[in-house]
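Everything on this sheet refers to the single structure shown next.
The values are calculated or read from the model by the stated rules, or taken from the named source; none is laboratory data. The structure presented is a predicted model; accordingly, all values stated were derived computationally and were not measured. Don't worry about glycine lacking a Cβ; one is built from the backbone with ideal geometry, like all the others, and counts go over all protein chains shown.
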Amino acid sequence: MVAAVTTRKNGFAEMAYVGETPWHGLGQALAAGADIETWKKAAGMDWKIARSRVRYGEGPNQQIFEDAHVLFRSDTKSALGIVSPKYKTVQPGEVLEFFRDLTESQGYVLNTAGTLFDGKRFWALAKVGDDAVVVGDDRVGGYLLLSTSCDGTLATTAKFTTVRVVCNNTLSMALSKNMAGKGTFTLKHTSKFDARDAKDTLGLATGQFAEFMASARTLSKKTVTIAKAADFVESLLLDTKTVLGEDARKSRQFTKIMDLFKGSAMGGTLMGAEGTMWGLLNGVTEFVDWNARSATVDARISSAWFGRGDSLKTTAFERAIAL
């Protein structure tokens, strides 16, 4: 199947990364601390979004439709989407420029960046400081993700997220009531993106990560029986409409999440994870990140970061904290 990571005709994949090779083995490896100009080129984010009024018809009969613009790539001229004249674009290079001062003076380290679906979506992810320990050998790292689209499918979103080291499960950080509105910035394409506004809204990452880690440690001390875990998963799948028109407990989703909770998950038998709410939460996150059905691996990752998968994980954490 064709990967969602944009691949040019010459085979160049529009993705760059630091550290381990990403999910498809695509993209260019960079050294930690590479400058923004290097990232733009290596991640294939050195082109711009151009726009033109929609034209139709041929020859002397050609007409211009004033109420719609086509967005297209400046390098290949490939169409990206049809939008209204009021649609405000965020350029691929702007996404990386967002991290310039953060990486140069505030200790952030870019981790991955690239484009998806022929350039219709693009993102950059940077690590925030060092990993922290939940309990024992179970470590979590904090990250800042900025993503957007140029086809109207995704608002410009900056949010703090976490990655569990043992399994690379991802989970949004801004979940508790005290963190509401602090860990996520969202802007529709009807307004112009201002990096300073985004950073002011997000605040300092250190406080968000500290609160997340406190919540994770609390969950690692909360034991959960198989029966209570089954009730939790059933309710989660039904209320989020992840399972429709069937007995939730007979669904593939329910069976897989419960198997992960019972010990098959990566890191599932670590101290603080086995038989706890932290372990159950990571059963849900591992299912979304690694086992949910999707047309391609990249499409599943897109859902886990930006779409229904991310929403399912967020709801699971909110409910776990509420308990």
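Only one of the listed residues (GLU286, GLU318) is of a type outside the set (Gly, Ala, Ser), in contact with a strand residue (DSSP E or B) (Cβ under 9 Å, 6 or more places away or on another chain), assigned to a helix (DSSP H, G or I) and within 29 Å of THR153 (Cα to Cα). That residue is GLU286. Does any residue of segment 173-189 turn out to be assigned to a loop (DSSP other than H, G, I, E, B), over 16 Å from the mean Cα position of the chain (by Cα), more than 22 Å from ASP101 (Cα to Cα) and at pLDDT 85 or above? The answer is yes; a qualifying residue exists. Filtering segment 1-60 to residues that are at pLDDT below 95, surrounded by 12 or more Cβ atoms within 10 Å (Cβ to Cβ) and at positive phi leaves GLY19, GLY27. With respect to the conditions (1) outside any loop (DSSP other than H, G, I, E, B); (2) free of Cβ contacts under 8 Å to residues at least 40 places away in the same chain; (3) under 18 Å from ALA43 (Cα atoms), ASP75 falls short on a single one, namely (1). Scanning segment 261-279 for residues that are farther than 19 Å from ARG139 by Cβ and touching a residue at least 12 places away in the same chain (Cβ under 8 Å) yields PHE261, LYS262, GLY275. I'd like to check something: does segment 115-126 contain any residue that is assigned to a loop (DSSP other than H, G, I, E, B), crowded, with 16+ Cβ neighbours inside 10 Å, at pLDDT 90 or above and not hydrophobic (A, V, I, L, M, F, W, C)? Scanning segment 115-126 turns up at least one residue that is assigned to a loop (DSSP other than H, G, I, E, B), crowded, with 16+ Cβ neighbours inside 10 Å, at pLDDT 90 or above and not hydrophobic (A, V, I, L, M, F, W, C). When VAL224 is tested against (1) buried (at least 21 other Cβ atoms within 10 Å of the Cβ); (2) among the aliphatic types (A, V, I, L, M); (3) under 25 Å from the mean Cα position of the chain (by Cα), just one condition goes unmet, and that condition is (3). Scanning segment 109-138 for residues that are under 22 Å from GLY33 (Cβ atoms) and free of Cβ contacts under 8 Å to residues at least 60 places away in the same chain yields LEU125, ALA126, LYS127, ASP130, ASP131. Filter segment 83-104 down to the residues that are closer than 29 Å to SER215 by Cα and not in a loop (DSSP other than H, G, I, E, B) and list them by number. Hits for segment 83-104 are LEU102, THR103.
The set of residues in segment 223-269 that are among the aliphatic types (A, V, I, L, M), under 18 Å from SER311 (Cα atoms) and assigned to a loop (DSSP other than H, G, I, E, B) comprises VAL243, LEU244. Please tell me if PHE160 is buried (at least 16 other Cβ atoms within 10 Å of the Cβ), within 26 Å of GLY279 (Cβ to Cβ) and either in the same structural domain as ASP131 (by TED's automatic domain parsing) or at pLDDT below 85 (or both). Yes. Within segment 190-212, if we keep just the residues that are at pLDDT below 80 and in a helix (DSSP H, G or I), the residue that is surrounded by the most Cβ atoms within 10 Å (Cβ to Cβ) turns out to be GLN208.
Among the candidates VAL140, VAL133, the residue that is assigned to a strand (DSSP E or B), surrounded by fewer than 18 Cβ atoms within 10 Å (Cβ to Cβ) and either outside the structural domain of GLY307 (by TED's automatic domain parsing) or in contact with a helix residue (DSSP H, G or I) (Cβ under 6 Å, 6 or more places away or on another chain) (or both) is uniquely VAL133. Across segment 260-273, the qualifying residues are those that are within 25 Å of the chain's Cα centre (by Cα) and surrounded by fewer than 18 Cβ atoms within 10 Å (Cβ to Cβ), and the one among them that is farthest from VAL133 (Cα to Cα) is SER264. Scanning segment 18-66 for residues that are in contact with a helix residue (DSSP H, G or I) (Cβ under 6 Å, 6 or more places away or on another chain) and of a type in the set (Val, Ile, Thr) yields a count of 1. Scanning segment 289-315 for residues that are more than 24 Å from THR157 (Cβ to Cβ) and in a loop (DSSP other than H, G, I, E, B) returns a single hit, ARG293.
When segment 78-97 is filtered for residues that are in contact (Cβ under 8 Å) with a residue 60 or more places away in the chain and surrounded by 21 or more Cβ atoms within 10 Å (Cβ to Cβ), the ones remaining, listed by number, are LEU80, THR89, VAL90, LEU96.
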